[in-house]
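The values are calculated or read from the model by the stated rules, or taken from the named source; none is laboratory data. Keep in mind the model is a prediction, meaning the values are calculated, not measured. Positions of Cβ are generated from backbone atoms using ideal geometry, with glycine treated the same way; all protein chains shown enter the neighbour counts. Each accessible area value is taken on the protein alone, full model and side chains, heavy atoms only, with ligands, DNA and RNA left out. Shrake-Rupley method; radii C 1.70, N 1.55, O 1.52, S 1.80 Å.
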Amino acid sequence: MAPHLSVLRADHLPDAVRQSSALGWPYREADWRFAFDLGSGFAAEVDGRLVATAMWWPHGESHASVGMIIVDPAMQGRGLGRALMGKLLHEARNRAVFLNATREGLPLYAQLGFVARGQVFQHQAVLPAEAALPAAPPACVRAMQAADGQSVRRLDRAATGMDRTALLDALFAAGTAMVVDRGAGLSAYACAREFGHGVVIGPVVASGAGGAADAMDLIAALAAQARGRFLRIDVTEGSGLSAWLTAMGLPCAGHAVPMVRGVHARAINVDADVGAGTRLFALSNQSFG
């Protein structure tokens, strides 16, 4: 029987969890619900059985990310992935679209006009209780406060070029956020939340010449709260943090390839007073970016 394509619904989520688990993806139903509440997507069914999913999330009017693209192994090679991606791209309209590709997905995305840009390194492990982490964070590292919201959003926009307000609000409501504050405005922020087998740290954004050091201070502070738990962090190739994370006890377990489509068509002018060299060091996860 030919697959039937429909809008992804809340009642699909339990089957979506089973589908992602069969591929070794660690998503809990709570993780699917988090993604579902933030965005929208499509499903493919055969005789009422879910066989494929794909989702997208708008970041303002000019950008979007896509992810949760899963096709049952028994249904691969039938054009389902292409059909679902076509629906996503139609919904995203003229937005620049970002995704993090698996090795298997690279050929399809390239055919659809996506261009590879670097790598993402997936680091994860149960963080040893004896992991070499500072006893306490530097004095400039503190918990994020409600009044920090606008500054954090400006940092994020400077790093990503996108308006990710909806995503950030959801992340901060679900997790723990910390910032670097030396009394002259925030220079970095990071978030940690429950995800998959344990805790994920991300996004991590920092600015200026000391951005890498600030990112490391934030990651160390959040990691210290997760000693003895499974911890994951997905860092960008440009972050330079992969070897440091491995030394901390979080080895690299895999890679993804960031890809973009239509990015030349849109640009966001960021505030001039945000620190120069603001960068995204770690993703919120591979679906959202």
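A count restricted to the stretch 149-185 and to residues that are under 23 Å from residue 199 (Cβ atoms), touching a Ser or Thr at 6+ places or on another chain (Cβ under 8 Å) and among the small types (Gly, Ala, Ser) stands at 1. Residues that are touching a helix residue (DSSP H, G or I) at 6+ places or on another chain (Cβ under 7 Å), touching a residue at least 40 places away in the same chain (Cβ under 8 Å) and open to solvent by less than 10 Å² (accessible area, probe 1.4 Å) within the stretch 168-196 comprise 180, 189, 190, 191, listed in sequence order. When the stretch 207-265 is limited to residues that are among the basic types (Lys, Arg) and within 17 Å of residue 191 (Cβ to Cβ), the one that is surrounded by the fewest Cβ atoms within 10 Å (Cβ to Cβ) turns out to be 229.
Looking only at residues that are out of contact with any strand residue (DSSP E or B) (no Cβ under 9 Å at 6 or more places or on another chain) and hydrophobic (A, V, I, L, M, F, W, C) in the stretch 169-188, which one is modelled with the lowest pLDDT?
Only one residue tops the list, namely 184.
Only residues that are without any contact (Cβ under 8 Å) to a residue 60 or more places away in the chain and of a type outside the set (D, E, K, R) were counted across the stretch 26-57, and they come to 16. Among the residues of the stretch 124-148, the one identified as under 11 Å from residue 189 (Cα atoms), touching a helix residue (DSSP H, G or I) at 6+ places or on another chain (Cβ under 8 Å) and either in a helix (DSSP H, G or I) or open to solvent by 20 Å² or more (accessible area, probe 1.4 Å) (or both) is 144.
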